[in-house]
Ligand code: F6P
């Protein structure tokens, strides 16, 4: 019988996390369960930063960005000592089940905890990158797309006035979902994504094509993880890696802009949108998705359906194996990218 559950948010934050926490807490309270909030992802479970959450704690958080629980990129499997502390705390606090709200790293840990250590865990998918398998959308993605679309619209008007090429660098280290969807929505003249190494000559060709048509400005959307075929132009990366082995990306936008300016002699400007894409209030879509996933996660616990993640498939939220969600990244659907390509250089 479930008496106490705990919820945590891990990895990069995103809009909609609070909506998910609220749904988990409210639904669990209906079952008269005690709900704990684990602070700062897996780090809080290692360090015992665990506090009760009440109806009052989640009151008013639905539209708020970020996460009231805090987050971290801590990987408990990096140290046996940490892993032991984490397991001890689960016992110490009498936690019967954990709801982990996260992306591939946080849910990768959840999967191992369940499969290897037998910890009763369920997952909720979040990441602005939308790159988790088994779910059509992840919480936070829709909000990021709407922020990027708005940025493209704003860049359009100033690009047109100054007859400039605008390069917009957006997040997406392994998958170019944000770039592709927001690029289509904003009418980008070229979209460069990690899934398809780009040919700089081809990009130059798009811009020349536009010039020939009498168009005096262009918008290029580039995902931070996009790579050129010509590796001499590789993105600038931090040498430092996080606990899951990811390097911090950034710099491809500037490299690209310099190269384009050199080759075309067109005035070029760069906007690196960065963490603006992860901040602020969630869209209505993300609030609803987060709420549905939160409720589904509690129902999964009620049914004893552990090792699962609440996934959106079509219009339904369904439990899928955590292993399926984290086994491989969900990269951009090339049919969608082909649609975007119709407008390149147009
Ligand atoms: O995983 C989500 C994400 O926003 C990526 O798109 C981005 O590369 C990364 O997090 C940035 O991480 P940090 O917040 O640690 O700079």
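Just so it is clear, none of the values below were taken in a lab; they were calculated from the coordinates. All values derive from a computational prediction rather than experimental measurement. Every residue, glycine as well, gets a Cβ built from its backbone with ideal geometry; the counts of neighbours run over all protein chains shown.
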Kindly work out what percent of the DSSP beta bridges joining two residues of the chain are antiparallel, to the nearest 5.
25
Calculate the spin-label point distance for residue 61 paired with residue 343, positioning each point 7 Å from the Cα along the beta-carbon direction, and give it in nanometres.
3.7
Mind pulling the angle between the C-alpha long axis of helix 104-117 and the longest principal axis of the chain? Nearest 10 degrees, somewhere in 0 to 90.
30
What is the range 208-339 by shape, rounded, prolate or oblate, if you read a ≥ b ≥ c off the alpha carbon gyration tensor as root eigenvalues and call it rounded for a/c under 1.5, prolate for a/b larger than b/c, and oblate otherwise?
prolate
Picking from 151, 290, 110, which is most flexible by a Gaussian network model of the chain using Cα springs under 10 Å?
151
Tensor-based shape of the range 245-315 (alpha-carbon gyration tensor, a/c under 1.5 rounded, otherwise prolate or oblate)
prolate
Among 209, 303, 324, whose mean-square fluctuation peaks in a Gaussian network model of the chain (Cα, cutoff 10 Å)?
303
Where does the chain land at 222 nm, in deg cm²/dmol rounded to the nearest 500, when only DSSP H runs of n ≥ 4 count, each adding -39500 (n - 2.57), divided by all residues?
-12500 deg cm²/dmol
Long-range Cα-Cα pairs in the chain (distance over 36 Å), rounded percent
26
Taking every DSSP bridge whose two residues both lie in the range 143-279, the antiparallel percent to the nearest 5 is 5
Can you tell me the equivalent ellipsoid semi-axes for the range 35-134? Use √(5λ) from the Cα gyration tensor, largest first, whole Å.
21, 18, 12
For 174, 275, 114, which order do you get if you count the other beta carbons within 10 Å of each Cβ and list the fewest first?
275, 174, 114
Can you give the translational diffusion coefficient of the range 1-91 in µm²/s, computed by Stokes-Einstein from the Kirkwood radius over Cα pairs at 37 °C and 0.692 mPa s?
244
Taking other Cβ within 10 Å of each residue's Cβ, how do 244, 141 sort, fewest first?
244, 141
Using only alpha carbon positions, build the gyration tensor of the range 143-279, then give the equivalent ellipsoid semi-axes as the square roots of 5 times its eigenvalues, largest first, whole angstrom.
24, 18, 12
Cut-off is 10 Å between beta-carbons; in what order do 56, 337 appear when sorted fewest neighbours first?
56, 337
Which residue fluctuates the most in the chain, going by a Gaussian network model with Cα springs under 10 Å, if the choices are 309, 117, 166?
117
